[in-house]
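The values are calculated or read from the model by the stated rules, or taken from the named source; none is laboratory data. Quantities reported herein were computed from a predicted structural model and do not represent experimental measurements. Heads up, the Cβs are rebuilt from the backbone with ideal geometry, glycines too, and the neighbour counts pull from every protein chain shown. Only protein heavy atoms, including side chains, enter the accessible area calculation; ligands, DNA and RNA are left aside. Shrake-Rupley method; radii C 1.70, N 1.55, O 1.52, S 1.80 Å.
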Amino acid sequence: MRLRTTTAAIVAVLAVTLVGCSSDEGGETEADATRSTVAEPSSASDDSASDDSGSAESAGIPPEPTGAERDAVLAAIRDVNGNLTHDEDKAVDAARNQCSSLDGGGSDPDHSAAQRFSYDGVTLTDDDGRHINIGLRKTLCPQS
């Protein structure tokens, strides 16, 4: 349940980020949009688990990889910077969310990857982001 909540929150933040890039028409502030978007996933019942995965898939976020696929995703990230996989769950979550950017949801997916994977004291360049995207396209996000 915690993973679904975390995933839903990440999707909500991404949606708000994209909405925040547009003009502020209609009087709704970015904070209002965040509250309304974040409130929806957290109020979902456990019975709507399939709805949550459908929302993630429609946002371009693939299901969580397991087994050999998970190992391949982590290896692709580790090839760019081994420090990014100290927290494997965090790296996999970032990779899943990066797929939405690779599916056309972002104007500069290399920069998006560099920003998304710059955590735990690691700062990546856009070139690092490009290499992560190459690895993700071969493993987790092949339709991109």
Pair list, Cβ < 9 Å and 6+ apart or interchain, from the stretch 61-80 residues that are in contact (Cβ under 8 Å) with a residue 60 or more places away in the chain to residues that are aliphatic (A, V, I, L, M) and outside any helix (DSSP H, G or I): Pro62/Leu140; Pro65/Leu140; Glu69/Leu140; Ala72/Leu140; Val73/Leu140; Ala76/Leu140
Criterion violated by Ala113 - all others in (1) assigned to a helix (DSSP H, G or I); (2) open to solvent by less than 60 Å² (accessible area, probe 1.4 Å); (3) small (Gly, Ala, Ser); (4) more than 20 Å from Asp71 (Cα to Cα) satisfied: (4)
Filtered residues of the stretch 46-67 (kept if at pLDDT 95 or above and open to solvent by less than 80 Å² (accessible area, probe 1.4 Å)): Glu64, Pro65, Gly67
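Being part of a helix (DSSP H, G or I) and not acidic (Asp, Glu) is the filter; apply it to the stretch 98-110 and report the residue that is most open to solvent (accessible area, probe 1.4 Å).
Per the stated criteria, the residue is Gly104.
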Hits in the stretch 120-144 (condition: surrounded by 16 or more Cβ atoms within 10 Å (Cβ to Cβ), in a loop (DSSP other than H, G, I, E, B) and modelled with pLDDT of 90 or more): Leu124, Thr139, Leu140, Cys141
